[in-house]
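Everything below concerns the one structure shown next.
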């Protein structure tokens, strides 16, 4: 879908037609999900709350450990940064005080990275946590937005193409890539990851577009949970 906004072309890819999800994809985990967003896909396993060495225990809350695993080889510096970002999102969303002296272990296995990896990983973790029945303050919902210049003019004068959930090719052609994380209750912005230069007015446009796109993601979450419950009732 293409819209005009203040003389800027805004390109939106309908999220629900791009999403696929299989909950309880791994039988040996407390919760799991295979999640794909366009051509990008990840497998997430959640374990816990489980026992933790006494020296690592927090007396008033659970710990969250996230392991971000690439498709091949060892994690890069960028993937370790994404790992810490996802960990922060989980720590903010899970009701950790309910499980003192324990830990949640979350493994994010990258199956295919064809763009918008961070938002795909966060949404996959959210679904896996739901599958595990983890008590949460809210569901974190992530959307990636990219801005691409339509012309070779200066940043202030450029006509920008805004892309929701860009592919890896679209990311390479963009001058700025942002991933927004909202809470599912009030749609408040929880955190943001950005790459590249950005003017305040461009940030506002990206934020507005991402916030609108969360409705489609939440609808997909609800449909996935409904399908899981319905499948359980048929057994």
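Tabulated data
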| item | result |
| --- | --- |
| Residue within segment 208-228 that is buried (at least 21 other Cβ atoms within 10 Å of the Cβ), over 19 Å from the mean Cα position of the chain (by Cα) and either at pLDDT below 95 or outside any loop (DSSP other than H, G, I, E, B) (or both) present | no |
| Neighbours by Cβ (under 6 Å, 6+ apart or cross-chain): first from segment 38-61, at positive phi and touching a residue at least 60 places away in the same chain (Cβ under 8 Å); second assigned to a helix (DSSP H, G or I) and crowded, with 17+ Cβ neighbours inside 10 Å | 38/18 |
| Residue list for segment 79-113, filter: free of Cβ contacts under 8 Å to residues at least 24 places away in the same chain and within 15 Å of residue 129 (Cα to Cα) | 87 |
| Residue within segment 20-41 that is over 25 Å from residue 224 (Cα atoms), at pLDDT below 95 and surrounded by fewer than 17 Cβ atoms within 10 Å (Cβ to Cβ) present | no |
| Residue match in segment 158-173 (condition: at pLDDT 95 or above and within 16 Å of residue 88 (Cα to Cα)) | no |
| Within segment 76-189, strands (runs of 3 or more DSSP E) holding 3 or more residues that are in contact with a helix residue (DSSP H, G or I) (Cβ under 6 Å, 6 or more places away or on another chain) and under 24 Å from residue 49 (Cβ atoms) | 140-149 |
| For residue 44: the one exception among (1) assigned to a helix (DSSP H, G or I); (2) modelled with pLDDT of 95 or more | (1) |
| Filter result for the condition that a residue is on the phi < 0 side of the Ramachandran plot and within 13 Å of the chain's Cα centre (by Cα), over 123, 92, 188 | 123 |
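The values are calculated or read from the model by the stated rules, or taken from the named source; none is laboratory data. This is a predicted model, so every value here is computed, not measured. Counting neighbours? That spans all protein chains shown, and the Cβs are built from the backbone with ideal geometry, glycine included.
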